[in-house]
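The values are calculated or read from the model by the stated rules, or taken from the named source; none is laboratory data. The model shown is predicted, which means the values in this text are computed figures rather than measured ones. As a convention, Cβ positions derive from the backbone with ideal geometry for all residues, glycine included, and neighbour counts pool all protein chains shown. In case anyone asks, the SASA skips ligands and DNA or RNA and just uses the protein heavy atoms, side chains included. Shrake-Rupley method; radii C 1.70, N 1.55, O 1.52, S 1.80 Å.
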Amino acid sequence: MAFPDGFLWGAATAAYQIEGSPLADGAGASIWHRFCHTPGLVHGGDTGDVACDHYRRWPEDIALMRRLGLQSYRFSIAWGRVLPQGTGTANSAGLDFYERLVDQLLEAGIAPNATLYHWDLPAALDDRGGWLNRDSADWFAEYADLVFRRLDGRVKMWTTLNEPWVVMDGGYLSGALAPGHRNLFEAPIVAHNLLRAHGKAVQAYRASGAHRIGLVVNLEPKYPASDAPQDRVATRRAHAYMNRHFMDPVFRGRYDAVLVRMFGAAWPAFPASDLDLIRTPIDFLGINYYTRNVVRDDAGRFPLPVERPVQRGATYTETGWEVFPQGLLDTLNWVRTRYGNPPVYITENGAAFDDPPVAQGGAVHDALRTDYLRQHLRVLHRAIAEGCDLRGYYAWSLLDNLEWAHGYSKRFGLVHVDYRNQRRTLKDSGAWYARVIASNGQCL
Ligand SMILES: OC[C@@H]1[C@@H](O)[C@H](O)[C@@H](O)c2nc(CNc3ccccc3)cn21
């Protein structure tokens with residue numbers, strides 16, 4: 001099933017999850033450095049102090065990308081490396097690191113796809129209120145403008161934010177992610193400022209950039225557990241809370257009325273002009289897809305803990321997510337029909353399984369991951385046939401890495417990392433993905 005000519009095949013990572021050396025060469029600490037160094041918050045007390053040591057081993061990792069035949073590499077830039085205090089004086093060593101990485105990617109024939117924010121807010125800005133402060137949109141635009149002026153042209157694909165919903169829900173409602181707040185009244189303020197920051201960064205790019213910029217969202221299709229009215233109502237609420245929450249303001253310039261009602265008194269009165277900023281047109285949408293969500297009656301409870309009722313006969317990943325490739329097709333068709341068929345890249349798709357250990361001779365027989373990826377890639381081919389403007393795919397992740405509050409206990413990589421000695425081993429899924437890329441999907 002060959003994919004269209006020019007379909008872009010890649011893999012993705014994020015700075016705090018792979019780089020290590022979070023304070024090296026003048027870098028400023030992030031909220032994830034603080035979160036990991038706060039006892040009891042991350043599995044096993046794991047931190048990003050070393051991670052995959054990518055800050056020092058990046059040439060070796062680019063060699064791995066060449067071995068995979070990657071056409072593009074999605075990575076994130078650590079704001080605190082570039083602006084240690086979040087604003088003000090730039091750190092040339094931090095900018096130099098990303099400039100060298102980008103130059104060597106281009107040398108290798110790999111198109112860089114840079115994410116400006118993948119959850120690692122400079123701690124100095126969190127001390128000034130972080131995303132709760134309306135000034136955060138200006139702080140972000142200042143950072144974005146600095147990086148655009150340094151790297152645009154060599155980087156031709158930019159995304160502003162990675163998954164603002166997870167930043168809001170994990171960082172300010174459940175508290176499972178940095179900065180670990182649990183406050184219903186903070187959540188909509190943070191979400192709105194993230195969206196304003198996105199809009200200001202896009203406007204900054206239109207002033208100086210010459211290529212393409214987008215937004216990355218996590219979308220998770222919601223299906224009612226039964227046809228009972230209370231299950232259908234709960235499903236609509238869950239859909240409003242996760243999926244329409246950011247898509248509607250960015251593509252339609254207004255919030256979903258169901259969402260506003262759910263927050264009730266916790267929903268502030270936002271200036272109408274903010275929505276004009278937020279809906280500044282983008283060039284493409286990045287969708288991170290992992291699983292679906294079956295929804296039962298929530299009895300009007302809010303906030304909504306994402307329940308995952310077990311589906312008989314389903315396969316589950318190590319993060320407790322049902323393997324459900326149909327949800328990816330349903331999601332892509334929903335985006336196509338509701339939001340005018342924007343150009344879409346799957347910017348993350350992958351799974352954590354209990355991989356077998358590295359075998360003698362250096363192999364990791366991760367058949368479950370290969371099967372997960374194969375099922376989802378086959379669905380993409382159908383989505384294109386059904387009219388979705390799907391431009392490319394990034395497997396999550398290039399490397400096993402720090403899975404946030406799970407620490408190093410969950411492995412998503414196409415490449416195994418032995419954290420005791422930083423040895424990289426290409427897994428069977430990585431070798432298989434290399435064949436998919438080489439055949440432009442023909443071998444699926
Ligand atoms: O969990 C795997 C990856 C993670 O390593 C990435 O940094 C992040 O971008 C990412 N997002 C999701 C999906 N989003 C999500 C949805 C509900 C709860 C938690 C995460 C999965 N992943």
Flagged in the stretch 138-181 as open to solvent by 40 Å² or more (accessible area, probe 1.4 Å) and either within 23 Å of LEU402 (Cα to Cα) or touching a strand residue (DSSP E or B) at 6+ places or on another chain (Cβ under 8 Å) (or both), in numbering order, are ARG154, LYS156, SER174, ALA176, HIS181
Under the condition of being away from the ligand (no atom under 16 Å from the Cβ) and touching a strand residue (DSSP E or B) at 6+ places or on another chain (Cβ under 7 Å), which residue from the stretch 379-415 is nearest to LEU68 (Cα to Cα)?
GLY392
For the stretch 1-45, which residues satisfy the criterion of being touching a Ser or Thr at 6+ places or on another chain (Cβ under 8 Å), part of a loop (DSSP other than H, G, I, E, B) and open to solvent by 20 Å² or more (accessible area, probe 1.4 Å)?
ALA2, PRO22, HIS37
Residues being closer than 22 Å to GLY170 by Cα and of a type in the set (Phe, Trp, Tyr): count how many of those fall in the stretch 1-32.
2
Among (1) more than 16 Å from the ligand (Cβ to nearest atom); (2) more than 19 Å from ARG244 (Cα to Cα); (3) not aliphatic (A, V, I, L, M) - the single one ASP231 does not satisfy:
(2)
Taking LEU399 and the conditions (1) touching a Leu at 6+ places or on another chain (Cβ under 9 Å); (2) open to solvent by 10 Å² or more (accessible area, probe 1.4 Å); (3) touching a residue at least 60 places away in the same chain (Cβ under 8 Å), which numbered condition does it fall short on, given that it satisfies the others?
(2)
Looking at this structure, is LEU328 more than 27 Å from ILE282 (Cα to Cα) and within 16 Å of the ligand (Cβ to nearest atom)?
no
I'm trying to understand the selection: among the residues of the stretch 7-30, which are closer than 30 Å to VAL344 by Cβ and away from the ligand (no atom under 16 Å from the Cβ)?
PHE7, LEU8, TRP9
Filter the stretch 204-255 down to the residues that are free of Cβ contacts under 8 Å to residues at least 40 places away in the same chain, part of a loop (DSSP other than H, G, I, E, B) and crowded, with 21+ Cβ neighbours inside 10 Å and list them by number.
TYR255
Tally the residues that are surrounded by fewer than 20 Cβ atoms within 10 Å (Cβ to Cβ) and in a loop (DSSP other than H, G, I, E, B), restricting the search to the stretch 266-290.
9
